[in-house]
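Student: The structure that follows is given in the form of structure tokens.
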There are 2 protein chains.
Amino acid sequence: MAKKNAFYAQSGGVTAVINASACGVIEASRENKGVIGKVYAGRNGIIGALTEDLIDTSKESKKTIEGLRYTPSGAFGSCRYKLKDLNTHKREYERLIEVFEAHNIGFFFYNGGGDSADTCLKVSQLSEQMGYPIQAIHVPKTVDNDLPITDNCPGFGSVAKYIAIATQEASFDVASMAKTSTKVFVLEVMGRHAGWIAAAGALASREDQEIPVVILFPEVPFNRAKFMATVQSKVDKFGYCSVVVSEGVADADGKFLADQGLKDNFGHTQLGGVAPVVANMIREDLGLKYHWAVADYLQRAGRHIASGTDVEQAYQLGRAAVKLAVEGKNSVMPTIVRGSGKKYSWSIGEAPLSKVANKEKFMPKSFISRDGFSITPKCREYLEPLIQGEDPPPFKNGMPQYVKIKGVAVPKKLADFEL
Amino acid sequence: MAKKNAFYAQSGGVTAVINASACGVIEASRENKGVIGKVYAGRNGIIGALTEDLIDTSKESKKTIEGLRYTPSGAFGSCRYKLKDLNTHKREYERLIEVFEAHNIGFFFYNGGGDSADTCLKVSQLSEQMGYPIQAIHVPKTVDNDLPITDNCPGFGSVAKYIAIATQEASFDVASMAKTSTKVFVLEVMGRHAGWIAAAGALASREDQEIPVVILFPEVPFNRAKFMATVQSKVDKFGYCSVVVSEGVADADGKFLADQGLKDNFGHTQLGGVAPVVANMIREDLGLKYHWAVADYLQRAGRHIASGTDVEQAYQLGRAAVKLAVEGKNSVMPTIVRGSGKKYSWSIGEAPLSKVANKEKFMPKSFISRDGFSITPKCREYLEPLIQGEDPPPFKNGMPQYVKIKGVAVPKKLADFEL
């Protein structure tokens, strides 16, 4: 087999550990020089491929590539851009082939979530449908933890750890203040459709140190009266209560709670989060003093408190993608397979992309407590291993020493392309 | 001198390191058994003294007290309660004396900010004005960093480190997404009157790794047009921009930006934060896609990423308070004195409470850049040493192992007291 170059790109919302996967892909590729030539990274994801804006990762030092393991977010730039159907939008695919041919690219590593798996699947079909030989391997990544088949998704363990610790620490705070001041703390977390991240808030509470946490899942229609009764009962028992609310919580009619049609003094519509909405309801219904926080990017960028397990899995899945490529595979994704023993263990499996693309994995019913406001022991058993271990970045002058790539562009060979 | 017991209490908003001061007070008191008997902690601050709800810290193990050094928030409970004037509200002071006498209390350690220093000052006057012998020592604490005389306040260094890292990490995130999605990230931070915490956002940017950060200080009247021009220029240059906005930002008329008179569909007033307001303005004026976060309690409870310098200073000020007590001092506060050398050093001084109580230290003009949206090199020189060093708590099963006290109550000797 003639040696081919590889294309690597990051897609969709970034995570604390997606660069650890990039590190795995690049390091493993460098170890397989007989099969894989250079790794060209798309600047800003697939857009980099379409516009022939490629970063030559061979110009990055060994130290910088190692540094990607502990640097959050997408070092090569990500994008939200979904390739359209091959039959109706052939132009984009022809352009991809043109770019791949011009740069002798035979491997396509795409690092993303469900939408991105669809892009990767479409690229994998170039081989069959358009006669261009390419092996497309998807490297899973999503804080939402909603990809099928894989036991969990890189990026999720770290955001889960972040939310568990944020809930724990803020609960300590509100507990201190509750006698004369704040009694309820509301934390808004990501997860528009699946409640995996919200579920992690429950890990703040432990058998030997109970913390009252009420969770609002997107999977459970919001029932205001039932919610208020639950919050009040926690405040009665503990003196305070923490609420972890998923951004995607909706009422029985499917209307997002965050969408309150708020208007300012001039009648302009204001877009707010769901946390202030829930907090205001608590004030109205229970008259309790509250504080609220919206973690937003902080939760998925919080590399300083990433899960060691998550970092290692993200890195190893990057390496595994290269292994699959070297073995001649196409249209697959390496997965995390949980061992069956009582002690947590994991290994790497593989899944066909056709079974991964465009599928969302929601919280199973058996993971949500009967009242709808907490998790079951089964869910805790699933979540706890994923937040194990700390893997802090190096610090200098009090700050994490994250790396930035040089990002040297591969000289262009083609005419410009309009997106 | 006959041996007397000590009273210790936490007051006002708690911090990531106020328990480190408690640890210092209790450990140093245990080392001075010849002078100080037991340390009784007020449950929920001064309310614990008024209601004779005292926690016997001698019932807490050495290990628990050591654990306070790395446990955030107020382990004994805090309160927002300000003693009124001695002449008009004598009843409360008489009650304090009653409780102190009943429990042989001769030392009063009060751990709080400016308002609390006022309470401590009033208690110190019991000695003179009401003939009850007590030594009142204030242990400084405030994330707002607004106490006079002391170079900085315990609690601030850790929140500054939290905000600097949050800004850095979120900026990495938005930089990755900016090509096709979010271009501006808005982070709301604490600081109603003083912009110290907001200033820390600027530490995200370093000489060797520039990050575009625009800061909105409460000290600088909000000028919408000027702000938008600054944000747009950063986006033009870097492709993205981060905004750190203090909760207390107001316009030229002194009206808080957060106070937008938002009403929901039913006409109910909604209380929101300033971050969504600023984000909405950016959408309206510049049409840029944004994300926003409100750190709220997470920033002051974030012990997992506390500043090592801050932890050590909080602990040593607790110890210093005991030293002052043993030396026979009354109505004083130990302070942090910055060394004059080029390399950062600090030692402990003391200040009379009359010069501390009810005084706020704002950002000096020389610390805010001429355009009003950043900090000066002088400010950076002041801030950087305060976030140095990491001092993570012990972890178990992926979570910080914070301690909870047993909180054994001292048997009551007096009749109940109505607050």
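The values are calculated or read from the model by the stated rules, or taken from the named source; none is laboratory data. Computed from a prediction, not measured in an experiment: that's the story for all the values here. Virtual Cβ from ideal backbone geometry, glycine too; neighbours counted across all protein chains shown.
Student: Test residue B:358 against the stated conditions and say whether it is at positive phi, surrounded by fewer than 19 Cβ atoms within 10 Å (Cβ to Cβ) and more than 20 Å from the chain's Cα centre (by Cα).
Tutor: Answer is no for this residue.
Student: May I ask you to list pairs of residues, at least six apart or on different chains, whose Cβ atoms are under 7 Å apart, with the first in the stretch B:193-207 being modelled with pLDDT of 95 or more and the second being among the β-branched types (Val, Ile, Thr) and assigned to a loop (DSSP other than H, G, I, E, B)?
Tutor: Taking only residues 6 or more apart or on different chains, the pairs are B:197/B:143; B:204/B:211; B:205/B:211.
Student: Here is a list: A:179, A:183. Which entry is surrounded by 24 or more Cβ atoms within 10 Å (Cβ to Cβ) and either more than 7 Å from chain B (Cβ to nearest Cβ) or under 19 Å from residue A:236 (Cα atoms) (or both)?
Tutor: So the residue among A:179, A:183 that is surrounded by 24 or more Cβ atoms within 10 Å (Cβ to Cβ) and either more than 7 Å from chain B (Cβ to nearest Cβ) or under 19 Å from residue A:236 (Cα atoms) (or both) is A:183.
Student: Residue check: is residue B:14 within 11 Å of chain A (Cβ to nearest Cβ) and either in contact (Cβ under 8 Å) with a residue 12 or more places away in the chain or in a loop (DSSP other than H, G, I, E, B) (or both)?
Tutor: When the stated conditions are applied, residue B:14 passes them.
Student: Condition first: modelled with pLDDT under 95 and not small (Gly, Ala, Ser). Now tell me which residues in the stretch B:321-343 satisfy that.
Tutor: B:342
Student: When you check residue A:47 against the structure, is it closer than 22 Å to residue A:326 by Cβ and modelled with pLDDT of 95 or more, yes or no?
Tutor: Judged against the criteria, residue A:47 is not a match.
Student: Right, here's the next one. Which residues, taken from the stretch A:69-95, are of a type in the set (A, V, I, L, M, F, W, C) and modelled with pLDDT of 95 or more?
Tutor: A:75, A:76
Student: Suppose we filter A:117, A:49 for residues that are under 28 Å from residue A:351 (Cβ atoms), more than 14 Å from chain B (Cβ to nearest Cβ), touching a Leu at 6+ places or on another chain (Cβ under 7 Å) and among the aliphatic types (A, V, I, L, M); which single one remains?
Tutor: A:117
Student: I'd like to check something: does the stretch B:283-291 contain any residue that is touching a residue at least 12 places away in the same chain (Cβ under 8 Å) and away from chain A (no Cβ under 14 Å)?
Tutor: Checked the stretch B:283-291: at least one residue is touching a residue at least 12 places away in the same chain (Cβ under 8 Å) and away from chain A (no Cβ under 14 Å).
Student: For the stretch B:110-222, which fully contained helices (runs of 4 or more DSSP H) count at least 3 residues that are at negative phi, under 17 Å from the mean Cα position of the chain (by Cα) and not assigned by TED's automatic domain parsing to the domain that holds residue B:71?
Tutor: B:156-177, B:196-200
Student: Right, here's the next one. Tally the residues that are hydroxyl-bearing (Ser, Thr, Tyr) and either assigned to a helix (DSSP H, G or I) or within 14 Å of chain A (Cβ to nearest Cβ) (or both), restricting the search to the stretch B:296-352.
Tutor: So the count comes out to 5.
Student: Turning to a different aspect of this structure: Identify, please: which residue in the stretch A:236-281 is under 18 Å from residue A:167 (Cα atoms) and assigned to a helix (DSSP H, G or I) and is, among those, modelled with the highest pLDDT?
Tutor: Out of the qualifying residues, it is A:238.
Student: So, one more: Which condition from (1) in contact with a Gly (Cβ under 6 Å, 6 or more places away or on another chain); (2) within 14 Å of another protein chain (Cβ to nearest Cβ) is the one that residue A:4 breaks?
Tutor: (2)
Student: Please go through the stretch A:186-222 and give me each residue that is among the basic types (Lys, Arg) and at the interface with chain B (Cβ under 8 Å from one of its Cβ atoms), ordered by number.
Tutor: Passing the criteria: only A:206.
Student: Look at the stretch A:52-87 and say how many of its residues are more than 14 Å from chain B (Cβ to nearest Cβ) and surrounded by fewer than 24 Cβ atoms within 10 Å (Cβ to Cβ).
Tutor: Adding up the residues that qualify gives 15.
Student: Can we say residue A:156 is crowded, with 24+ Cβ neighbours inside 10 Å, aromatic (Phe, Trp, Tyr) and more than 30 Å from residue A:321 (Cα to Cα)?
Tutor: no
Student: Within the stretch B:391-419, which residues are within 12 Å of chain A (Cβ to nearest Cβ) and either among the aromatic types (Phe, Trp, Tyr) or more than 30 Å from residue A:380 (Cα to Cα) (or both)?
Tutor: Of everything in the stretch B:391-419, those that are within 12 Å of chain A (Cβ to nearest Cβ) and either among the aromatic types (Phe, Trp, Tyr) or more than 30 Å from residue A:380 (Cα to Cα) (or both) turn out to be B:395, B:402, B:419.
So that you can scan it fast, the table gives a plain yes or no per residue for (1) under 24 Å from residue B:295 (Cβ atoms); (2) out of contact with any strand residue (DSSP E or B) (no Cβ under 8 Å at 6 or more places or on another chain); (3) touching a residue at least 40 places away in the same chain (Cβ under 8 Å):
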| residue | (1), (2), (3) |
| --- | --- |
| B:20 | yes, yes, yes |
| B:32 | no, yes, yes |
| B:56 | no, no, yes |
| B:61 | no, yes, no |
| B:71 | yes, yes, yes |
| B:74 | yes, no, yes |
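Student: Looking only at the stretch A:30-51, which residues are closer than 15 Å to residue A:104 by Cα, crowded, with 24+ Cβ neighbours inside 10 Å and not hydrophobic (A, V, I, L, M, F, W, C)?
Tutor: A:40, A:42
Student: Still on this structure: Determine if the stretch A:127-146 includes at least one residue that is among the hydroxyl-bearing types (Ser, Thr, Tyr) and surrounded by fewer than 24 Cβ atoms within 10 Å (Cβ to Cβ).
Tutor: So far as the stretch A:127-146 goes, yes, one or more of its residues are among the hydroxyl-bearing types (Ser, Thr, Tyr) and surrounded by fewer than 24 Cβ atoms within 10 Å (Cβ to Cβ).
Listed here are the residues, each with its yes/no results for (1) buried (at least 24 other Cβ atoms within 10 Å of the Cβ); (2) within 16 Å of the chain's Cα centre (by Cα).
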{"site": "A:317", "(1), (2)": "yes, yes"}
{"site": "A:321", "(1), (2)": "yes, no"}
{"site": "A:327", "(1), (2)": "no, no"}
{"site": "A:330", "(1), (2)": "no, no"}
{"site": "A:337", "(1), (2)": "no, no"}
{"site": "A:348", "(1), (2)": "no, no"}
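Student: Among the residues of the stretch A:370-388, is there at least one that is of a type outside the set (Ser, Thr, Tyr), assigned to a loop (DSSP other than H, G, I, E, B) and within 14 Å of chain B (Cβ to nearest Cβ)?
Tutor: Among the residues of the stretch A:370-388, at least one is of a type outside the set (Ser, Thr, Tyr), assigned to a loop (DSSP other than H, G, I, E, B) and within 14 Å of chain B (Cβ to nearest Cβ), which makes the answer yes.
Student: Exactly one of these conditions fails for residue B:71: (1) assigned to a loop (DSSP other than H, G, I, E, B); (2) in contact with a Cys (Cβ under 8 Å, 6 or more places away or on another chain); (3) over 18 Å from residue B:350 (Cα atoms). Give me its number.
Tutor: Condition (2) is where residue B:71 drops out.
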